[in-house]
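Remarks on the structure that follows.
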Amino acid sequence: MVDSGDKTGLAAGLARQLAESFGNPELEKPLWSHVMTEKRATFRCTPGLVRPGCLFDKRGLLLAGDYVAGEYPATLESAVSSGVSAIKVLSELQR
């Protein structure tokens, strides 16, 4: 288990999990990573609010998190759902 206050350890732990999940040891050595945390972050959940999708630009930048457009408000479920959507987009881009 990685201490969530340890951003370097968190990034390394996530990279290790990706490498194990996909059976690719190269994933354990990312070229770049950044862990963002903001304890007071939220957005105004108003009708018609436009949130970004997971495919953010043509270079292949993918977004995932509770702020990404989806069927849920800013919740853990929406963060997980957006991560799954980003992985699906990534797998389509790599075909």
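The values are calculated or read from the model by the stated rules, or taken from the named source; none is laboratory data. Quantities reported herein were computed from a predicted structural model and do not represent experimental measurements. Here the Cβ is made from the backbone with ideal geometry for all residues, glycine too, and neighbour counts use every protein chain on show. Please note that ligands, DNA and RNA were not included when accessible areas were found on the heavy atoms of the full protein model with its side chains. Shrake-Rupley method; radii C 1.70, N 1.55, O 1.52, S 1.80 Å.
So for the range 76-89 (the condition being in a loop (DSSP other than H, G, I, E, B) and either modelled with pLDDT of 85 or more or of a type in the set (A, V, I, L, M, F, W, C) (or both)), does at least one residue qualify? No, the conditions are met nowhere in the range 76-89. Taking the range 69-78 as the range and being farther than 18 Å from residue 46 by Cα and among the hydrophobic types (A, V, I, L, M, F, W, C) as the test, only 76 passes. In the range 11-23, the residues that are of a type in the set (Val, Ile, Thr) form no Cβ pair under 9 Å with any partner that is open to solvent by 90 Å² or more (accessible area, probe 1.4 Å), whether six or more places apart or across chains.
Here residue 54 meets each of (1) in contact with a strand residue (DSSP E or B) (Cβ under 6 Å, 6 or more places away or on another chain); (2) at pLDDT below 75; (3) of a type outside the set (Gly, Ala, Ser) with one exception, condition (2). Taken over the range 57-74, the criterion of being closer than 18 Å to residue 37 by Cα, modelled with pLDDT under 80 and open to solvent by less than 50 Å² (accessible area, probe 1.4 Å) is satisfied by 74 alone.
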